[in-house]
Amino acid sequence: MSNANAPRAERTARDPWLDNARFLAATLILVVHFAKQVPGDSTTIDLLNYATWPMRVPLYALVAGFFSSAAPLEGRRAVALLRNVLFVYLAFELLATAHKWALTGVLAFNPAEPSFALWFLLALFLWRVTLPLVANLRFLLPVAVAASAVACLVPSLGADLAAARTIGFWPVFLVGWKLKQVGLHRVLGPGWVRFVAAAVLLAWAAFCYVQMDTFEARWFSMRKHHSGTMAEELTEALVRLGLVTVAVLGALSLLALVPRRRLWAVTYLGSGSLYVYLLHPFVLREVERTDYFQSVDSLPEILLLLLAGAVLACVLASPPVRRALRWLVQPRYTWPFVTAGAPAAAIVEVRPSVVDAVSSAATSATPSPAGSRADRASDQPSAR
């Protein structure tokens, strides 16, 4: 390989470690979303829901932060953020609206209130837009944690623009961004970390098994506020602080335990985890039209449902689906954009995905300050 091609090869390299983790997170999201449609109370489903919570959206938020940059939003980076995050969100919001219209006869398009599961794209856009503005603030992470705790008490924060969830999961996103500067392998590389990670996840699962009857669903979704006495609101804020801690520790623990080598099929499917996340709500709405979920009332049937969900995740991330829908999920068009001083070919090279974000530097052992050359270099896109 020539020296001229070396930077390009480095940018397009993928880390199987994070792809493996993304596939697991996407599969858990799909499986839990399907399992929660089963009516009635099920200890198995409730335990699965709560015990795997830090391995789902918190892991996505942390990895999204890892692949984010505090460099100024200009040129190709601005194009990528608009086209591959905001415009993808709007496209899927339109498709979700049309799908619900076809199923129910009710047409209601409101991009300010994201449809099921699409809130993460809007939150990701807001996190990335604001990161260059706040990256140099002192005590940014403590401020974000405090904002998350207060957000659960503010009535005006709700589904609009996914504001409640955006602020609620903001600290997890920032931890991922900080993790890139410190170095993923430096933090999670030592062998003893895996033993601690396993202990953390087992302790959380045991706590959920004992205490899940006292849990409130709104604590974990972070989309609704709580009003009550001062003591109740203080308790709510403390619960939020605890959950943010669990989210970070649980996501890091899963990363520490996931195999770091390339795994047959799993690593490839993980590189298409975005397809799983964006497409499964359409399948879920179709299954809801039937009486299938009402018929699930025994442990073997629940386990069969979970297995079917895992198979569906594999199908949605498979090569035929990705080839057919790449233009929608990972668009590469350039016609709406004019980038001053940059040739059109430079824009065509930008091929980020929504969750992977605009970066190929999956691991970095060297800390890089916000907006530095290393930060900007790691923001280069990865090829699909």
*Using just the alpha carbons, could you tell me how many Å³ per residue the convex hull of the stretch 54-113 encloses?*
113
*Kindly provide the Kirkwood hydrodynamic radius of the stretch 224-324 in Å, to one decimal, from all pairs of distinct alpha carbon atoms.*
17.4
*Can you tell me the alpha carbon radius of gyration of the stretch 6-377 divided by the globular rule-of-thumb value 2.2 N^0.38 Å?*
0.97
*Which length gain, in nm to one decimal place, applies between Leu202 and Tyr292 when the Cα-Cα distance is subtracted from 0.36 nm times their residue separation?*
29.2 nm
*How far, in nm, would the chain grow between Trp101 and Val154 when pulled straight, counting 0.36 nm per residue and subtracting the alpha carbon separation?*
15.9 nm
_Candidate lysines for bridging to Lys224, where Cα separation is under 21 Å - those fewer than 8 sequence places away on the same chain excluded_ = Lys36
*On alpha-carbon atoms, Rg over Rh for the stretch 291-342 using Kirkwood Rh?*
1.36
*Would you mind computing, in nm to one decimal, how far apart the modelled labels at Trp327 and Leu90 are, each placed 7 Å from Cα along Cα→Cβ?*
1.9
*Förster radius 45 Å - calculated FRET efficiency between Trp335 and Asn110 (Cβ-Cβ, nearest 0.05)*: 0.95
*Could you give P(r) for the stretch 164-203, binned at 10 Å from zero, as whole percent values over all Cα-Cα pairs?*
26, 35, 35, 4
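Every read-out reported here was derived from the displayed coordinates using simple, explicitly stated rules and does not represent laboratory data. Just so you know, these numbers come straight off a predicted model, no measurement behind them. Ideal geometry is used to build each Cβ from the backbone, glycine not excepted, and the neighbour counts take in all protein chains shown.
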